[in-house]
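Here is the structure we will look at, set down as structure tokens.
The values are calculated or read from the model by the stated rules, or taken from the named source; none is laboratory data. Since this is a predicted model, take the numbers as computed values, not measurements. Cβ placement follows ideal geometry from the backbone for every residue including glycine, while neighbour counts extend to all protein chains displayed.
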Amino acid sequence: MIRAVSPATTLPPAPAETDQPRQDERPQHRVVVIRARSVLAGLGILLGVAAAVMFVVLAQAALTLVAISLFTALALNPAVHFFVKRGLSRGAAVGAVFALAVAAFALIGLVLIPPLVEQVTKFIDGLPSLVSDITKGNGPLGFLERDYQVVDRVKDLTSAKSGGLAGPAEPLLTVVEGAAATVFGLLVIAFLTLFMLLEGPDWRRWTMQLVPERNRARIERIGAGTYSAVSGFVLGNLAASLLAGIVATVIMLVLGVPYAIPLGLFVVFIELVPYLGPLVATVVMAAAALSQGLVTAVIVTALIVVYHAIEGHSLRPMIYGRAVKLSPLAVLIAILVGAELAGILGALVAIPVAGAIKVMLTELVSGNRDRRFAASVD
């Protein structure tokens, strides 16, 4: 039986292909699975960082001695290598360098200690009259009391901290304790430096044995670059600081500024801190020269500023450029962060630490680039 279809009756159109949802157009749901192992690993990292920070805070004094000893050993190690290349054993070379260093310090002490003691004694003897002049607003430093009331502020601060007058024996005990702590610290630094020079190569070999064979070449390059950066900075910075101390001492001796030798030694130590040290040295020298009159203070300040300008554009950039290869901005940021974390010592070690970090990052980036290149070739 054949049924006729009316012309008005039309079959429903087949659904267009575009109306059907495609597989790739369906909403995708991403499931993130957090495993207990990942959570525990993150907590372990946080606890490790907290423990390391706590350890640094609690052992700050000991770590300071270790850091000073490490920098001293890095400064003496090139001399040890010099004697080793001349045929001496490691122990004999270390003994020779250590003996020469002790002899040099003893010679410096024999030359500087007598005038240093004399000038410090004069300073202590003249301190009461100096304080009396400042208290009355007289003398070249009298403006400190007239304009800023420094004496009253110091008295208020001292009474607030001590709660009253301290016993007469307390200052003497403080001086004795400080001297004993200084002598003990110097002895500890000397022995730590000696053992670091003796056992440094053994520690290096023992550490490399813990590194997998495939990573030893990279670690060797990182170690060599770090050693070059740190030792170059230490030696160069020490030479620049000694030169600055000599120049400052000569300037003050020629112009008749009192306590020239103690102030020169202060300049040597404070100039070890890059950028911040020269500023502090200039202010201290200007204040000391002010006791001889305004003209002397202006001359001393002008001479030391000119010297720092010459040094800052010649010697210091050569040291930092060749040793650590850091930009001035990176150097300044490193000093600020180091000073905030560990004070003067942090500012001192900030630049070599930043140079070591740069060496590590450079090696890491170059290693990743080599691996990507090898993978693309394959």
Inset, instruction - Filter segment 57-110 for residues that are over 19 Å from the mean Cα position of the chain (by Cα), closer than 29 Å to G346 by Cα and surrounded by 16 or more Cβ atoms within 10 Å (Cβ to Cβ) and give the result. - result: N77, A79, V80, V94, V97, F98, A101
Legend entry - Members of segment 235-260 that are small (G, A, S) and in a helix (DSSP H, G or I): G236, A239, A240, S241, A244, G245, A248, A260
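Would you check if R218 is within 25 Å of F98 (Cβ to Cβ) and modelled with pLDDT of 70 or more? Step through it out loud before you land on a result.
On the way: within 25 Å of F98 (Cβ to Cβ): no; modelled with pLDDT of 70 or more: yes.
No; evaluated as a whole, the condition is false for this residue.
In segment 272-297, how many residues are farther than 20 Å from A334 by Cβ and in a helix (DSSP H, G or I)?
Quick first cut of segment 272-297, residues farther than 20 Å from A334 by Cβ only: 281-297.
Restricting the remaining residues to those that are in a helix (DSSP H, G or I) gives 281-292, 294-297.
So the count comes out to 16.
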Inset, instruction - Collect the residues in segment 240-264 that are in contact (Cβ under 8 Å) with a residue 24 or more places away in the chain, surrounded by fewer than 16 Cβ atoms within 10 Å (Cβ to Cβ) and under 24 Å from the mean Cα position of the chain (by Cα), keeping them in residue-number order. - result: L242, L243
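So in segment 344-368, with the set limited to residues that are at pLDDT below 70 and more than 16 Å from F71 (Cβ to Cβ), which one is surrounded by the fewest Cβ atoms within 10 Å (Cβ to Cβ)?
Ranking the candidates gives N368 first.
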Legend entry - Any pair with Cβ under 8 angstrom, 6 or more apart, that starts in segment 93-113 at a residue that is assigned by TED's automatic domain parsing to the domain that holds G200 and ends at one that is not in a helix (DSSP H, G or I): A96/L88
Inset, instruction - Hey, can you tell me all the residues within segment 194-221 that are within 28 Å of the chain's Cα centre (by Cα), more than 18 Å from M360 (Cα to Cα) and not charged (D, E, K, R)? - result: L194, F195, M196, L197, L198, G200, P201, W203, W206
Inset, instruction - Examine segment 321-330 for a residue that is over 22 Å from N237 (Cα atoms), out of contact with any helix residue (DSSP H, G or I) (no Cβ under 9 Å at 6 or more places or on another chain), at pLDDT 75 or above and not small (G, A, S), and state whether such a residue exists. - result: no
Legend entry - Subset of segment 87-109 (residues that are of a type in the set (A, V, I, L, M) and in contact with a helix residue (DSSP H, G or I) (Cβ under 9 Å, 6 or more places away or on another chain)): L88, A92, A93, V94, A96, V97, L100, A101, V102
